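A.B. asks: The structure under discussion is supplied below as structure tokens; questions concerning it will follow.
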Amino acid sequence: MTISDILNGAWILVQVLIGYNLVLPVILYLCYLLVRKNMSANEKQTTAHDYAIIVTAYEQTDSLPPVIDSILKLNYANYLIYIVADKCDVSNLKFDDPRVIVLRPPETLASNTRSHFYAIRNFKRNHNILTIIDSDNLVDPEYLNELNKCFDAGFKAVQGLRKAKNLDTTFACLDASRDIYYHFYDGEVLFNMGSSATLSGSGMAFTISLYRECLEHRDISGAGFDKVLQMEIISRGNRIAFTEHAVVYDEKTTRSDQLVKQRSRWINTWFRYFTFGFSLMAQGIKKFDFNRVLFGVILLRPPLFIFLILSFFFFVINICVSKIALLIWAIAFCCFIAGFIIALVHGKADKRIIRSLVSIPRFIFYQVISLLRMKKANKISVATHHYSSKTIDDLKK
């Protein structure tokens, strides 16, 4: 074998490793149609689980009143709300309802998991399930009832559906389109194929025993606790359920500076934790566990904009190198576009989201800037600042 053969083989391999990400969604969707199981949770609720609803805030408390108001409107009785106001002025946080407990750590925690365990150590009673809500979220009235169905079905970890709270800017709409894409393929499709949904940072719930078992021995700083948590859950042989009916409304990024800071943290997180995919795949092959193998493959997938840029780069190069490879890349791009459209149609995307798609190149540009700044991501900011003042009643109008 000559050096030329080795280089040619390496060139083909690199293209395959990037290009398969374009066709993976369509492959998953076809498999989902062929082999999907009836994974719907039990319709009959049998247990009134006792929930600890943990709401974390860092530096900013302006968005908390609408969040708490939406939680207090839940069609459910057995829960307490724990607000962990980290590095916050809590003098204006006054709630008359005894179900709301405001916790102000004496020292800055600057970590999601530290805030969660601070709440756990200050629980007022022995809850059996905790659910994590961000300070910019709003909660659907049936949220806990829908989570209950999954826990009654035997699952110990559940990811709900995060819908857009605001679609008032192009950035917000594009951010929402990304969420629709990932919730469909990484949530509904994976789960109904017999694997697990990926965790999204909020709108998720766990038995407290599982959460403590997975994270109590770890001190996680910066973004990405959900990446570590899902690795710990899957490696223990558990599955993460997904339910599109347990809805939280999440604030989408509206400004370029907000987008860059947020995405810098997310990209930094992927580079820190993507190797978990190799570990899970190895475990899955050793134990003949489909859940771990497929979930490991998903963890190895780069952020959307990265493999799109690299794919376009290879496409352009092959204009001069190989007409056959050029055709293959063209087909792969068509598959990706088809897969994206399928997700948007399935998610019944708002017309504003569809109109915003023409601005995808601009959205990608700011994510490239995020990539260049990712090393300083967690030093610049440990939380996204919020600007929307919508309430749960506004969303019903």
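A.B. asks: Can you sort SER91, SER63 by solvent-accessible area, 1.4 Å probe, largest first? Provide the component values of the computation, followed by the final result.
C.D. replies: Values: SER91 65, SER63 10 Å².
Highest to lowest solvent-accessible surface, that is SER91, SER63.
A.B. asks: Something else about it: For the range 252-345, what does the alpha-carbon gyration tensor say about shape, rounded, prolate or oblate, given a ≥ b ≥ c as the root eigenvalues, a/c under 1.5 as rounded, and a/b over b/c as prolate? Could you put the intermediate results ahead of the total?
C.D. replies: Values: a/c = 1.81, a/b = 1.13, b/c = 1.60.
Oblate shape, in that a/c is at least 1.5 and b/c is the bigger or equal ratio.
A.B. asks: When DSSP beta bridges are limited to those with both residues in the chain, what percentage is antiparallel, rounded to the nearest 5? The partial results should precede the final answer.
C.D. replies: On the way: 9 of 34 bridges.
In the chain, approximately 25 percent of DSSP beta bridges are antiparallel ones.
A.B. asks: Take ALA48 and ASP96, extend 7 Å from each Cα along the Cα→Cβ direction, and tell me the distance between the two endpoints in nm.
C.D. replies: 2.4 nm
A.B. asks: Moving to a separate point now. With a/c under 1.5 counting as rounded, go ahead and sort the range 196-236 into rounded, prolate or oblate using the C-alpha gyration tensor (a ≥ b ≥ c being the square roots of the eigenvalues; past the cut-off, prolate if a/b is larger than b/c, else oblate).
C.D. replies: Working: a/c = 1.36, a/b = 1.02, b/c = 1.33.
Cα axes put the range 196-236 in the rounded bin.
A.B. asks: Still on this structure: Within the chain, which DSSP H helices have Cα atoms that stretch 24 Å or more along the helix axis and a mean Kyte-Doolittle hydropathy of at least 0.5?
C.D. replies: Details: long enough: 3-35 (44 Å, 1.82); 256-273 (25 Å, -1.19); 304-321 (26 Å, 2.93); 323-346 (34 Å, 2.36).
Both cut-offs are met by 3-35, 304-321, 323-346.
A.B. asks: Then there's this: If you place +1 on the Cβ of every Lys and Arg and -1 on the Cβ of every Asp and Glu, how big does the dipole about the Cα centre of the range 243-353 come out, in debye to the nearest 20? Provide the component values of the computation, followed by the final result.
C.D. replies: Numbers: 14 positive and 6 negative charges, 33 e Å.
So the dipole magnitude of the range 243-353 works out to roughly 160 debye.
A.B. asks: So what is the calculated 222 nm ellipticity per residue for the chain, using -39500 (n - 2.57) for each DSSP H run with n of 4 or more, over all residues, to the nearest 500 deg cm²/dmol? If you can, show how the numbers build up before the last one.
C.D. replies: Details: 16 runs with 206 residues, N = 397.
Helices in the chain give a 222 nm mean residue ellipticity of -16500 deg cm²/dmol.
A.B. asks: Same structure again: At 1.4 Å probe size, with every protein chain present, just tell me what the per residue accessible area of the range 199-275 comes to in Å².
C.D. replies: Details: 2550 Å² over 77 residues.
It amounts to 33 Å² per residue over the range 199-275.
A.B. asks: I've got another one for you. Rolling a 1.4 Å sphere over the protein heavy atoms, what is the accessible area per residue of the range 292-377, to the nearest Å²?
C.D. replies: Values: 4900 Å² over 86 residues.
Value for the range 292-377: 57 Å² per residue.
A.B. asks: With a cut-off of at most 15 other beta carbons within 10 Å, and DSSP calling the residue loop, which trypsin sites (Lys or Arg not before Pro) in the range 245-299 qualify? Please list them. Walk me through the numbers before you get to the answer.
C.D. replies: Working: sites: LYS252, ARG255, LYS261, ARG263, ARG265, ARG272, LYS286, LYS287, ARG292; in loops: LYS252, ARG255.
Here the trypsin sites (Lys or Arg not before Pro) that fit, given the DSSP loop and packing criteria, are ARG255.
A.B. asks: Set Lys and Arg Cβ to +1 and Asp and Glu Cβ to -1, take the dipole of the range 81-197 about its Cα centre, and tell me which of ILE180, LEU161, ILE129 lies farthest positive.
C.D. replies: ILE129
A.B. asks: Follow-up question, since we're still on this one. Over the chain, what relative contact order in percent results from Cα pairs under 8 Å that are six or more residues apart?
C.D. replies: Details: 644 pairs, mean separation 89.6, N = 397.
Taking the mean separation of contacting Cα pairs over the length of the chain, I get 23 percent.
A.B. asks: So if we plug the beta-carbon distance of ASP257 and SER221 into 1/(1 + (r/R0)^6) with R0 = 25 Å, what FRET efficiency do we get, rounded to 0.05?
C.D. replies: For R0 = 25 Å, the calculated efficiency reads 0.60.
The values are calculated or read from the model by the stated rules, or taken from the named source; none is laboratory data. This is a predicted model, so every value here is computed, not measured. All Cβ positions, glycine included, derive from the backbone under ideal geometry; neighbour counts span all protein chains shown. Heavy atoms of the whole protein, side chains included, go into the accessibility calculation; ligands, DNA and RNA do not. Shrake-Rupley method; radii C 1.70, N 1.55, O 1.52, S 1.80 Å.
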